[in-house]
Amino acid sequence: MEKLLLIKYGELTTKKDNRNYFINFLVKSIENKLAGIDYKIEKDYYRMFIHTDDIYMVLDKLKSVFGIHGIVVAYKVNDTGIDSICKSAVDVLSDVSFKTFKIETNRSDKSYEIKSDEVSRIVGSAVLKNIKGISVDVHNPDIILNVEIRREAVYLYYESHAGMNGYPIGTMGRALLMLSGGIDSVVAGYLSIKRGVSLDFVYFESIPHTSLEARNKVINLANILCNYGNVGNVYVVNFTNIQEYIYKNMKSDYLITFMRRMMYRIAEKLAENIGATAIINGENIGQVASQTLTSIKAVNDVTTFPIIRPLATYDKLEIIDIAKKIGSYDISILPYEDCCTVFVPKHPVINPKLDVIRSEEEKFDFNLIDKAIEDILIIKVPIKKEISEYL
């Protein structure tokens, strides 16, 4: 018997004629994750198999690959005869500690002459006969031995691990994530990657009102998303002149609205320049003044570009739970301000009016936007050298 890893596709199986497109992207994601490890991949329409001597190292790495529903440590039995299956099942379970067990059989090869229930009965009887001190429990067993009968072989497994689900990265194209230093935007990025979206990042800074440590924080957050297979650029926009101009010349209670509209204008032009097909952010309905539905509509007024808000309906505690799960929370709460937290009015408008906005924006020097785009700093992630070199 060969010990190997069996990959279950999950949601990819709903893609019918496009399934191979998604499977091929999954192979690329796995190859990137397993760089430097000796392995071999076999795949078909229903399953993927990974042959390696480093079973558990590979298993650990696959747990952070989107597009996988489940990973099982399986034993391949080339002789599909029932006697061979029984002997192999006994061999597999002899080294396992358990008191109760159950056999579950799946015949993907429907031409196999013995029905699934009968296979389970025969194999279960062989296990009972050859391993002492155990019993069958079909309701709450200590262990379930799965018998998967395919045309080319039989696979036995009892050790299953949950995958990340979602779609392989890249299957849904590329988008631009508006990445601040807070909790929400990085979680929005994680959920977007889970749906197969590759990300680049735009970060707006306002030196000297924001610090280089705040930039460092954002780069670290982008690196966390790269743990899930993402590779892209962080586009650092110097927002100082724009922010100061708005603060000095425009209606103070609308400051956040003006700032967000300018950010969207810059993000749209940048997205078009790099070939992104959508802009993603961490906005959440009603969380702050700039995220009321009226405010969101007022900000969206400057662009026809698709704006995706994965967190729109999430509770803040749900967002924090995800941030802790992916390892971004402790970085996000570091006390370095981003430009969204400076020059904040005491009483920001929560229902901005477009006629007021458009009248006020007649005062704005839109050459500042062109200048900000010209001066963008580009940082490739994941970082392959010291972050301090970018500060």
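Throughout, read-outs are computed from the coordinates displayed, never taken from laboratory work. On a predicted model such as this, the values are computed, not experimentally measured, just so you know. Backbone-built Cβ (ideal geometry, glycine too); neighbour counts: all protein chains shown.
See the values below:
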read-out	value
Estimated 222 nm signal from helices in the chain, with DSSP H stretches of n ≥ 4 weighted -39500 (n - 2.57), rounded to 500	-11500 deg cm²/dmol
GNM result for the chain, Cα springs below 10 Å: residue of ILE376, ILE23, ILE169 fluctuating most strongly	ILE376
Least to most buried among PHE305, PHE25 (fewest other Cβ within 10 Å first)	PHE305, PHE25
Nearest-0.05 FRET efficiency for SER252 and GLU11, computed from C-beta distance (R0 56 Å)	0.70
Percent antiparallel among DSSP beta bridges (both partners in the chain, rounded to 5)	55
Tail weight of P(r) past 31 Å, computed on alpha-carbon pairs of the chain, percent	49
Proxy reagent accessibility, fewest Cβ within 10 Å first, across LYS363, LYS87	LYS363, LYS87
Unit charges on C-beta of K, R, D, E only; dipole of the stretch 2-162, Debye	380
The stretch 291-391: GluC sites (Glu not before Pro) in DSSP loop, at most 11 other beta carbons within 10 Å	GLU362, GLU386
ASN130-ASP315 FRET efficiency (beta carbon distance; Förster radius 56 Å; 0.05 resolution)	0.60
Nearby aspartates and glutamates by direct alpha-carbon distance to LYS87 (threshold 12 angstrom, same-chain neighbours under 8 apart not counted)	ASP79
Extension gain, THR304 back to ASN106 (0.36 nm per residue minus Cα-Cα distance, nm)	66.3 nm
Potential lengthening between LYS61 and GLU118 on full extension [0.36 nm per residue; Cα-Cα distance subtracted]	16.8 nm
Gain in span if fully extended, VAL27 to VAL96, counting 0.36 nm per residue against the direct Cα distance	21.7 nm
Cross-link table LYS325/LYS380; LYS16/LYS110; LYS3/LYS33; LYS251/LYS371; LYS16/LYS102; LYS8/LYS297, entries beyond 30 Å C-alpha to C-alpha	LYS16/LYS102; LYS8/LYS297
Partners for LYS15 among aspartates and glutamates (Cα-Cα distance below 16 Å; same-chain residues under 8 apart left out)	ASP44
Sorted by Cβ neighbour density within 10 Å, fewest at the top, the residues TYR336, TYR314	TYR336, TYR314
